[in-house]
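Undergrad: Following this message is one structure expressed as structure tokens.
No lab work stands behind these numbers, since they all come straight from the coordinates. What you see is a predicted model, and the numbers here were worked out from it, not measured in a lab. Don't worry about glycine lacking a Cβ; one is built from the backbone with ideal geometry, like all the others, and counts go over all protein chains shown.
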Amino acid sequence: MIEYRDAVKRFGANVALDRLSVRIARGEAVALLGPNGSGKTTTLKMAAGLIKPDAGTVLVGEPPSCPWEPAARRVLSFLPQRVAFPDALTGREVVEFYRRLRGAPAERSKAVLRFASLNGASERAVGTYSGGMVQRLGLAVAMLPDADLLLLDEPTAALDPDGLCAFYGLVERRQATGHTIFFTSHQVGDVERLADRFLVLSNGKLVAELTQGELRDTLAQRGVMRVRLDRRPPGLVEAARAIAPSATWAGGELIVPGPASLRLRVLDLVRGAGAEVRGLVAEDGRLEALYRELVSGARKNP
């Protein structure tokens with residue numbers, strides 16, 4: 001559905017995208033992560049046909065074509081990072097303008113305004129809208145065509161909890177009907193809930209690519225269990241280290257980093273030592289921490 005082949009984009013001396021090669025299949029939801037200035041928006045704009053690569057190739061659709069060709073434009077819908085509409089127009093007028101521009105059926109206007117949930121503000125001038133309301137209106141416009149491919153740049157920026165729930169529901173419905181979604185986000189919850197796969201860019205380079213299953217396995221390996229005990233039995237920490245080498249004792253707790261598969265064995269040791277368990281917390285690793293490590297490692301090894 002989208003394919004980048006050694007795609008390069010420069011803005012003067014700055015290399016915004018450095019030999020990106022990745023393929024996104026029909027029906028996938030793929031998240032693109034990275035710090036500010038890493039090339040995320042450039043990547044999406046290239047797929048939308050708004051900018052051309054200086055080297056390499058970008059293809060969109062089935063059969064594949066260059067994004068700036070009419071055949072590709074018909075199969076995609078793009079939400080930019082910053083949306084802006086004429087202040088004097090109402091929300092309904094904005095949606096109706098874009099509906100006619102995209103050739104969507106008349107009933108789509110009512111459907112996307114219902115999704116946008118502007119709380120009765122669709123007849124008000126856009127100039128009176130809050131930032132979150134403008135973002136919802138932008139999402140409504142992006143959803144007007146029944147496009148096979150959605151390109152969404154920071155779609156949840158400024159959305160309140162109700163807006164997030166509506167957006168998640170819409171994306172999940174689009175996924176269920178085989179649509180392809182490629183989006184950027186700084187919200188880890190978006191990635192963990194929506195993405196089948198996530199990519200990490202740093203300084204224009206692809207530094208990591210994980211499927212949802214690979215992500216779960218990686219985070220499980222980075223988990224930790226904390227067992228609060230009434231005392232420190234002699235030899236317990238040393239025995240725990242034979243199972244989990246990084247096991248430590250601190251603040252009245254036995255701390256055991258590692259996957260969940262080790263935890264029952266450690267608890268058997270605790271019971272065997274006759275200690276009383278006064279609290280237990282077990283959790284998988286955090287995507288935020290993994291993301292920071294990936295980006296930090298890429299910066300150290302450009």
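Undergrad: Does the stretch 223-283 classify as rounded, prolate or oblate by the C-alpha gyration tensor (a ≥ b ≥ c root eigenvalues; a/c under 1.5 gives rounded; else a/b over b/c gives prolate, otherwise oblate)? Don't jump to the answer; show the numbers that get you there.
TA: Working: a/c = 1.45, a/b = 1.23, b/c = 1.17.
Rounded.
Undergrad: How big is the antiparallel share of DSSP beta bridges in the stretch 109-228, given as a percent to the nearest 5? Don't skip to the answer; put the middle values down first.
TA: Working: 6 of 11 bridges.
Approximately 55 percent, going by the DSSP bridge assignments.
Undergrad: Roughly what % of DSSP beta bridges within the stretch 2-211 run antiparallel, to the nearest 5? Mind dumping the intermediate values first?
TA: Working: 20 of 37 bridges.
In the stretch 2-211, DSSP labels about 55 percent of beta bridges as antiparallel.
Undergrad: Shifting gears a bit: Can you tell me what the convex hull of the Cα atoms of the chain projects to on average, as an area in nm²?
TA: Numbers: hull surface 79.0 nm².
Over every viewing direction, the Cα hull of the chain projects on average to 19.8 nm².
Undergrad: Please list, in chain and number order, the residues 5+ apart from ARG10 or on another chain whose amide H is under 5 Å from its amide H, with Hs placed from the backbone.
TA: ALA16, ASP54
Undergrad: Near the amide H of LEU206, under 5 Å away, which other amide H atoms are found, from residues 5 or more places off or on another chain, if H is placed in the peptide plane?
TA: none
Undergrad: Suppose every Lys and Arg Cβ carries +1 and every Asp and Glu Cβ carries -1, with no other charges. What dipole size does the chain come out with about its Cα centre, to the nearest 20 debye? Don't skip to the answer; put the middle values down first.
TA: Details: 41 positive and 34 negative charges, 56 e Å.
Using Cβ point charges on Lys, Arg, Asp and Glu, the chain gives about 260 debye.
Undergrad: Is it possible to state the helix-based mean residue ellipticity at 222 nm for the chain, with each DSSP H run of 4+ residues giving -39500 (n - 2.57), the sum divided by total residues, to the nearest 500 deg cm²/dmol? What is it?
TA: On the way: 11 runs with 111 residues, N = 302.
When only DSSP H runs of four or more count, the value is -11000 deg cm²/dmol.
Undergrad: For VAL277 and ASP54, what is the calculated FRET efficiency with R₀ set at 45 Å and r taken between the beta-carbons, to the nearest 0.05? Walk me through the intermediate numbers first.
TA: Numbers: r = 61 Å, r/R0 = 1.36.
With a Förster radius of 45 Å, E is 0.15.
Undergrad: Still on this structure: Of the peptides 241-249, 274-282, how do they stack up when ordered by the mean number of other Cβ atoms within 10 Å, highest first? Each step should come with its number before you reach the end.
TA: Values: 241-249: 14.0, 274-282: 12.2.
The most tightly packed comes first, giving 241-249, 274-282.
Undergrad: Net charge near GLY223, counting Lys/Arg +1 and Asp/Glu -1 over other residues with Cβ under 12 Å of its Cβ?
TA: Details: positive: ARG216, ARG222, ARG226, ARG263, ARG286; negative: ASP217, GLU283, ASP284.
Taking every other residue near GLY223 into account, the sum is +2.
Undergrad: Please compute the length gained on full extension between ARG241 and ARG23, using 0.36 nm multiplied by the number of residues separating them and subtracting their Cα-Cα distance. Each step should come with its number before you reach the end.
TA: On the way: separation 218, 0.36 × 218 = 78.48 nm, distance 4.25 nm.
My answer for the length gained is 74.2 nm.
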